[in-house]
Amino acid sequence: MDRRSIIKTAGLAGVLAAGVAPAVHAQQAVRWRLASSFPKSLSTIYGSAEKLSSEVKAMSGGKFEISVHPAGELMPAFGVVDALQGDNIEIGQTAAYYFTGKDPIFAFSTAVPFGLTTLQLNAWKDHGNGRKLLDAFFEKYNFRTASAGNTTTQMGGWYRKEIKTPEDLKGLKMRLGGGVFGEAMAKLGVVAQNIPAGDVYTALEKGTLDAAEFVGPYDDEKLGFNKVAPYYYYPGWWEGSADLEFFINLKKYNELSPENKAILNAATRVAAADMTSKYMAYNPIALKKLVADKTQLKMFSKELMDAGYKASMEVFAEHEAKSPDFKEIHQDMRAFQRDQILWNRFSEYPFNQYMTSVKI
């Protein structure tokens, strides 16, 4: 007799006595806490954590819930990795390159200068060696990763003065997101500052910062950077894309049932796709608003881009010489990138080039 027949003839009490209760009753409630490195005001990024929470709850019928906490509520913005190592939280939402002070390898999980685009990074992680290599490295920090969404190609930041040549970068006090990009900019004379997004506006206003890069038009407009730094440069050559991530405590993940693991894995993909799509939809609208509000939109010169490329390659070479793990991951990423660039020459690049030349 199958389970449904037993339930129909014996009733619930008989089912429980027979030890064949429906699986949903066997699932114990799971309550996790998520600590984000971002404020609630960043509706795209922080919204990804909220999306994860709502999807997990819906898919589990309320049996698996994740409470979401903005930066500063449970811990400082940059405290999530230490909290995961200490088993103090179950999941964090952050940008891996904030933690390159622990190891520069962290940067590859978010973005590196002249790195992969959004589609390329997703492909490298999911169908190349990217996530396998990175998660093997992150085991020592007691977490595994899942994308929380990608910002897509970022802007080059806000400046209180014009930046025409590499010489104009010397002595510039600039907020940088983190990663090996800061080391490359240091070679160009920039004094890098890694501070939370919520503190940037005041620092620019007071002049303790000369420049700041964050994400792109949608977030930057919400943070009001155009009111204190009139020059907005592009492209963000240090972030051809930037993957925000969920850092999932390994111990807590391994304790989940197979069903809850599947729910969590599916929910992260929904949240990541949602965030990336929001950036694609909202950035052009915000950019038009910024330009209408007298923002001076400027493109970095080729001279400056070339200087950035040279400095970045020097930084990569220095880290490769010191760390076999860094070299393995970097070389794997570049090999993947070479194939992607080859394909792009025959796919998106000529199509996009043509579409920007016609009126639609």
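The values are calculated or read from the model by the stated rules, or taken from the named source; none is laboratory data. Here the structure is a predicted model, which is why all the values come from computation and not from measurement. Glycine also receives a Cβ, built like all others from the backbone with ideal geometry; neighbour counts cover every protein chain displayed. Ligands, DNA and RNA are excluded from the accessible area calculation, which covers all protein heavy atoms including side chains. Shrake-Rupley method; radii C 1.70, N 1.55, O 1.52, S 1.80 Å.
Quick notes on this structure:
- In segment 293-306 there is at least one residue matching the filter, namely being in contact (Cβ under 8 Å) with a residue 60 or more places away in the chain and among the hydroxyl-bearing types (Ser, Thr, Tyr).
- Reported count of residues in segment 89-117, each being under 22 Å from residue 267 (Cα atoms) and open to solvent by 20 Å² or more (accessible area, probe 1.4 Å), is 1.
- Some residue of segment 208-219 being more than 22 Å from residue 308 (Cα to Cα) and over 16 Å from the mean Cα position of the chain (by Cα): yes
- Scoring residue 74 on the criteria (1) in contact with a Ser or Thr (Cβ under 8 Å, 6 or more places away or on another chain); (2) open to solvent by 40 Å² or more (accessible area, probe 1.4 Å); (3) outside any helix (DSSP H, G or I) leaves a single failure, condition (1).
- Qualifying residue in segment 336-345 (condition: closer than 13 Å to residue 113 by Cα, free of Cβ contacts under 8 Å to residues at least 12 places away in the same chain and open to solvent by less than 80 Å² (accessible area, probe 1.4 Å)): no
- Considered as a group, the residues in segment 165-193 that are crowded, with 23+ Cβ neighbours inside 10 Å and touching a Pro at 6+ places or on another chain (Cβ under 8 Å) include one that is farthest from residue 77 (Cα to Cα), and that residue is 184.
- Filtered residue count, segment 122-153, keeping only those that are in contact (Cβ under 8 Å) with a residue 12 or more places away in the chain, over 21 Å from residue 264 (Cα atoms) and not hydrophobic (A, V, I, L, M, F, W, C): 5
- Only residues that are outside any helix (DSSP H, G or I) and hydrophobic (A, V, I, L, M, F, W, C) were counted across segment 124-134, and they come to 0.
- Among residues of segment 135-164, those that are in a helix (DSSP H, G or I) and crowded, with 21+ Cβ neighbours inside 10 Å, counted: 1
- Residue under evaluation residue 287, criteria (1) under 30 Å from residue 310 (Cβ atoms); (2) open to solvent by 10 Å² or more (accessible area, probe 1.4 Å); (3) assigned to a loop (DSSP other than H, G, I, E, B); (4) in contact (Cβ under 8 Å) with a residue 40 or more places away in the chain, criterion not met: (3)
- Given (1) among the aliphatic types (A, V, I, L, M); (2) closer than 23 Å to residue 139 by Cα; (3) out of contact with any strand residue (DSSP E or B) (no Cβ under 7 Å at 6 or more places or on another chain), index of the condition residue 317 fails: (2)
- Scanning segment 290-306 for residues that are open to solvent by 40 Å² or more (accessible area, probe 1.4 Å) and under 24 Å from residue 44 (Cβ atoms) returns 291, 292, 293, 297.
- Being touching a residue at least 60 places away in the same chain (Cβ under 8 Å) and in a loop (DSSP other than H, G, I, E, B) is not true of residue 273.
- Residue match in segment 21-32 (condition: among the charged types (D, E, K, R) and either modelled with pLDDT under 95 or over 17 Å from residue 269 (Cα atoms) (or both)): yes
- Considering segment 222-275, and only residues there that are acidic (Asp, Glu) and in contact with a Gly (Cβ under 9 Å, 6 or more places away or on another chain), the residue that is surrounded by the most Cβ atoms within 10 Å (Cβ to Cβ) turns out to be 239.
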